[in-house]
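The values are calculated or read from the model by the stated rules, or taken from the named source; none is laboratory data. Quick caveat: nothing in here was measured; it's all calculated off a predicted structure. Reconstructed Cβ throughout: ideal geometry from the backbone, glycine too, with neighbour counts over all protein chains shown.
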Amino acid sequence: MTGVKFDFDKPTKLIGQPEARLDAKRLLHGRGRFVDDIQLPRMLHAYFIRSPIAHGKIVSINVSRAIDADGVVNVFTGKDLENVVEPYVGVLSHLAGLRSPPQAPVAIDYVKWQGEPVAVVLAHSRAQAEDAAELVEIEYDELPAVVDMEKALDEGCPLIHEGYDSNLAWQRTVDVGDVSNAFSNPENFVVKKKFKFGRHTGVTLEPRTSIAEYDPSDDQLTVWYSGQAPHMMQFIFAKHLGLLEENVRVISQDVGGSFGIKVHTYGDEVAVAAIAKLLGRPIKFTADRYESFMSDIHARDHVVDARMAISASGQIIGLEFDDVTGIGPYSMYPRTSAIEANQVLNLTGAPYVIPNYRATSKVVFQNKNLMCQYRAVGHPIAMAICDCLLEEAAAQIQMDPVEVRRINLMADNSYPRTSASGMKLDELSHQAALNKLIEMMDYNSLRSDQLELRKDGVFRGIGFVSMVEVTNPSPMFYGIGGAPIASQDGATVRLDAGGGIHVSSSVTEQGQGTNAILAQIVADVLGVDLARVKVTTGDTKTTPYGGGTWASRGAGIGGEAALLAANALKEQILDAASVILQAKPADLDIKNGQIVDAKTFVEKLSLSDLARTVYYRGNELPDEAKPELVATRHYRVTDAPFVFTNGAMAAHVEVDIETGFVKVLDFWAVEDCGRVINPLLVDEQIRGGVVQGIGGALYEECLYSDEGQLLNTSLADYLVPMASEMPDIHVAHIETPTKSSVLGAKGAGEAGTGGAPAAVMNAVNDALRHLGATIYQMPMTPERILSALAETKADH
Amino acid sequence: MGQTKKIKVTVNGERIERDVAVRTNLSDFLRNDLGLTGTHVGCEHGVCGACTVRVNGQTVRSCLMLAVQVDDLEVTTVEGLADSGPVSALRAAFLKRNALQCGYCTPGMLASAIEYIEKIGDPDRKKIREHLSGNYCRCTGYQSIVDAICDVIQVGAET
């Protein structure tokens, strides 16, 4: 909080209104500018040859025939780049004990996952580079691959990294209260389940792509990149290519979806920058879909043995679990691949009062593609562990799943408090959210219909989740551990001569509407028409310094910085106006682009006239007046490590017990993301998040063979949710603004993805449980559902 | 580059003659040779629908068609969609409903939506969803896209 007072209820308010995203018009006319749309003079195209095996030694690489091929300019191997790029290591000091060996952008001597870059062909067209790649001869000595993460720590399992005593990357245990007593007390009921969460990936519709251009005359590297964190990448390119940070410019304009996939350091993108530096000409790399599946980070991949103790009256007495998660052969740089496991430990059970809690997570190396932070990091696992055990426990004691939540949810008036794992929680509204959800979905009718339909052999289920989402992280998330990731962001707001406003911000836009809400906030503060506010984001050369967009922080942190900067500009404008109009600043205000009398709203001077006076006719001002019409403010969260949001969601599904198919009939989400800046944008963010969550729950999985071969590498084989499979998703809000900022906005981008999988799993089990079957593996494919049903038949 | 062939094609109303490599697909031809980058490439498999354009009024996946196959035909990309009538209404409805986020699927989505409005025109949400099932959107929940198409059909029916 900064002491800035702000009226969110004024008649002319824009914050909170469902304003259309004006900058979306470009995209509707096909005038977006995505990285692959850019063609630069003398630009070459890079094609990466990737390892066809999961683990092996590179015996030899012969590039001579490829270099002679049509259109080819050069071919580089990992060794060719060894002296150009400093290897990177994905560890952070606050994740004590996390280890990962140095990683080179293109493999040197060993390959450790299928899809790892081994060589790169540079040619005048992508097609020529691909043709020539077939002429590169690479010989490998195949080594045994560690694929199954549950066996990665077994005695005698092959070791992936030389010098490491095991395939363990990191482990952490949280132990609070007296868990063993909770489970040994005979008065408590205990439910125990083994959860499996498959690997899936983000499938951004625009694949990863970048263009790097190097000007040796002034040692300047410019990278156009489809990503979320330009300043982080500026640091990384500078550090690993031996450049000064100020000599690296990273530009991120239109981005065709990111979801956390595009916030990491990828070898192919670093190699492209290194080669641009070596060759002194622009290099473009655009992944095709096959490469995307093999090289975009994968996510989830957990096996969790979990149990919950509950009293006969429905109180959670204890929760305990052991989690294993496979991260591929390296911890991803620079965010690390341990944050997901850490989130699972921190967030599981966070909505509920749980006196006894013990959880361990082991993060293991394996010979698969790297696993790292994807939308709703750790949340789907954390929410499913607790909420699916809770509904299972409720079923055991024959209690309604809503009732059991009412007994255990933290009371809305009980904050601030801490979660079972010790997370500081404040300003949450689980009870209000659940109440609103129940009202919205007409729960009692659904239940009675469910029983009626069962008589006709129609099996429907209703499942819930009460959830939290981590947003607006403070420096405690990454910066504290040494990562080059800013938790603060800045905005510069400027009045131009024509009366228009320009905003420049360090948060970035990937379609979620960041630019639109920044404009909305600034227009609201300054009393100007929304169309007169123009926004620049995604350019290290022209925006303030900041972290970009991740962890649902664009609105909460970027929005607050914009509000503070606009407020400061407003003071500057009124100061200048007071000189011109010979009035007191306090007696003036801005409305509809005009300086007005604060009480009567009589128009005195347009913003344009004011700006033109200041910029062109300074002679009309007294010499001592030194007006500024541009203000910059930065913001970071200081009073908590994170800001938490909460939500309650419900899924209504129908399971065809003959085919195993699950149809999601309806979905409801009540979300408390604090102050809603634009409900039109927030609602569709939540819906999109829910759809990705449903994808993870029912369809999406990166399937590997026992040899570590990724089996589904096209969109024909990897299923993402399509329009016909998805239900209408009903969204409502509770608004509990966070007191940590003036704006009061928390994040909203990941809630749906974090919560929906647990709700869908609960709904499927609600449909199956009376048949004696349950399923605790995602995705819940038809085959797995039929297997669960078959096991019950075998039991009887 | 292999064999090339001269083609004559009308793209967005403009008559174009080009020598193209026979293996070049239509999406690469539009994007790389003509600079019409509104046509996006998401899978190169004909699955995601991002590259959907109209050829002689029919929607096609431009990644599955070769450039030489449009010889003597008319191609319309998102850049050439008339900004009037149902197209204009559809764009306005997409904006009003927030039926796009990153915009990568949008050109293909518009092409499929226009086809639906022209040829089927039934405001039944289920039918609209089925029709859009060849166009992946990874950002929205599809709902706003269905809403936008419904809006255009319903307003069209009232006027």
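Side notes on the structure shown:
- Checking B:81, B:100 one by one, the residue that is under 19 Å from residue A:37 (Cβ atoms) and modelled with pLDDT under 95 is B:81 and no other.
- Residues that are out of contact with any Gly (no Cβ under 8 Å at 6 or more places or on another chain) number at least 3 in the following helices (runs of 4 or more DSSP H) confined to the range A:19-84: A:64-67, A:78-81.
- Qualifying residue in the range A:678-690 (condition: among the aliphatic types (A, V, I, L, M), under 27 Å from the mean Cα position of the chain (by Cα) and part of a loop (DSSP other than H, G, I, E, B)): no
- Of all residues making up the range A:10-27, the number that are under 18 Å from residue A:737 (Cβ atoms) and of a type in the set (Lys, Arg): 2
- Taken over the range A:723-756, the residue count meeting the criterion of being assigned to a loop (DSSP other than H, G, I, E, B) and of a type in the set (Gly, Ala, Ser) is 6.
- Against the list (1) within 7 Å of chain A (Cβ to nearest Cβ); (2) acidic (Asp, Glu); (3) more than 12 Å from residue A:723 (Cα to Cα), the condition residue B:130 fails is (3).
- Scanning the range A:628-661 for residues that are out of contact with any Gly (no Cβ under 9 Å at 6 or more places or on another chain) and part of a strand (DSSP E or B) turns up A:630, A:631, A:644, A:646.
- Test result for residue B:110, crowded, with 23+ Cβ neighbours inside 10 Å and within 23 Å of residue B:131 (Cα to Cα): yes
- Odd one out for residue A:46, checked against (1) among the hydrophobic types (A, V, I, L, M, F, W, C); (2) closer than 17 Å to residue A:213 by Cα; (3) out of contact with any Leu (no Cβ under 9 Å at 6 or more places or on another chain); (4) more than 14 Å from every other protein chain (Cβ to nearest Cβ): (3)
- Taking (1) of a type in the set (Phe, Trp, Tyr); (2) assigned to a helix (DSSP H, G or I); (3) out of contact with any Leu (no Cβ under 7 Å at 6 or more places or on another chain) in turn, residue A:374 satisfies each apart from (2).
- A count restricted to the range A:1-27 and to residues that are within 14 Å of another protein chain (Cβ to nearest Cβ) and either farther than 23 Å from residue A:286 by Cβ or surrounded by fewer than 18 Cβ atoms within 10 Å (Cβ to Cβ) (or both) stands at 10.
- Scanning the range A:682-712 for residues being within 14 Å of chain B (Cβ to nearest Cβ) and in contact with a Pro (Cβ under 8 Å, 6 or more places away or on another chain) gives a total of 8.
- Top-ranked residue in the range A:93-143 [being charged (D, E, K, R) and outside any strand (DSSP E or B); ranked as farthest from residue A:272 (Cα to Cα)]: A:99
- Out of A:121, A:111, sole residue that is more than 14 Å from every other protein chain (Cβ to nearest Cβ), modelled with pLDDT of 95 or more and touching a Ser or Thr at 6+ places or on another chain (Cβ under 9 Å): A:111
- Residue count for the range A:40-66, restricted to those that are surrounded by fewer than 18 Cβ atoms within 10 Å (Cβ to Cβ) and touching a residue at least 60 places away in the same chain (Cβ under 8 Å): 10
- Of the residues A:657, A:694, A:686, the single one that is touching a Leu at 6+ places or on another chain (Cβ under 9 Å) and touching a residue at least 60 places away in the same chain (Cβ under 8 Å) is A:657.
- Within the range A:177-192, the residues that satisfy the criterion of being of a type outside the set (Phe, Trp, Tyr) and surrounded by fewer than 20 Cβ atoms within 10 Å (Cβ to Cβ) are A:177, A:178, A:180, A:181, A:184, A:185, A:186, A:187, A:188, A:190, A:191, A:192.
- Under the condition of being more than 14 Å from chain B (Cβ to nearest Cβ) and touching a residue at least 12 places away in the same chain (Cβ under 8 Å), the residues counted in the range A:239-264 number 13.
- Cβ-Cβ under 7 Å pairs, at least 6 apart or on other chains, the range B:121-136 side assigned by TED's automatic domain parsing to the domain that holds residue B:110 and free of Cβ contacts under 8 Å to residues at least 24 places away in the same chain, far side among the β-branched types (Val, Ile, Thr) and part of a loop (DSSP other than H, G, I, E, B): B:127/B:120; B:131/B:120
- Scope the range A:326-346; condition under 16 Å from the mean Cα position of the chain (by Cα) and farther than 20 Å from residue A:485 by Cβ; matching residues: A:344
- Just one of the listed residues (A:711, A:681, A:629) is among the hydrophobic types (A, V, I, L, M, F, W, C), in contact with a Phe, Trp or Tyr (Cβ under 9 Å, 6 or more places away or on another chain), at pLDDT 95 or above and within 30 Å of residue A:495 (Cβ to Cβ), and it is A:629.
- Exclusive hit being under 25 Å from the mean Cα position of the chain (by Cα), surrounded by fewer than 24 Cβ atoms within 10 Å (Cβ to Cβ) and β-branched (Val, Ile, Thr), set A:742, A:760: A:742
- The one condition from (1) assigned by TED's automatic domain parsing to the domain that holds residue B:119; (2) on the phi > 0 side of the Ramachandran plot that residue B:104 does not meet is (2).
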